[in-house]
Amino acid sequence: MNDVDARMDRLRRAARYRYQQLVDSEIERGSLDPDEVREERRLLKAADVAAHARAQIEEAERRGVFEGNPYHGKRLPGNDGRHDPDWWIKAKIEREEITGIAPPALALRKEDAELDEHLDALSSEPDVRDVLDDFNARVKEARR
């Protein structure tokens, strides 16, 4: 940060402080509603955060940080309007075909969907019983 920016930053902080002192004194006098002031402050903070984020993105674009990014200026894949905070890990698991990391209950559901085909491939009743006993024991353990 250069000297001019640092000085402007100090001036802004001082002006905000004086403004807050003025608002607080008006609340004490009863001329301002504290709930309205609280809501306005919340909105101003949100606007400050959004402006800061936009400035950071614009600066990164000027430096070329996003060059070569296949999603630059596009919607993220799999985003159909619903918020899913785990979209990226789900996409990585699918893209790299990672297995064996699901919670036991989820893994058992997937195994259950394929169980009929596996049982049909077995040729003897004791083999089928062994597979089913093992599967049922794991289901009971997962439900605990």
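Here are the numbers for this structure:
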quantity	calculated
Answer residue from the range 82-130, given it is among the β-branched types (Val, Ile, Thr) and more than 18 Å from Arg143 (Cα to Cα) and is nearest to the chain's Cα centre (by Cα) among those	Ile89
Hits in the range 50-64 (condition: more than 17 Å from Asp9 (Cβ to Cβ) and part of a helix (DSSP H, G or I))	Ala50, Ala53, Arg54, Ile57, Glu58, Ala60, Glu61, Arg62, Arg63
Condition check for Ala14: among the aliphatic types (A, V, I, L, M) and at pLDDT 85 or above	yes
Any hit, the range 116-137, residues being polar (S, T, N, Q), assigned to a helix (DSSP H, G or I) and surrounded by 10 or more Cβ atoms within 10 Å (Cβ to Cβ)	yes
Some residue of the range 40-53 being touching a His at 6+ places or on another chain (Cβ under 6 Å) and at pLDDT 80 or above	no
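The values are calculated or read from the model by the stated rules, or taken from the named source; none is laboratory data. Remember, it's a predicted structure, so these values are computed and weren't measured experimentally. Glycine gets a Cβ as well: all are built from the backbone with ideal geometry, and neighbour counts include every protein chain shown.
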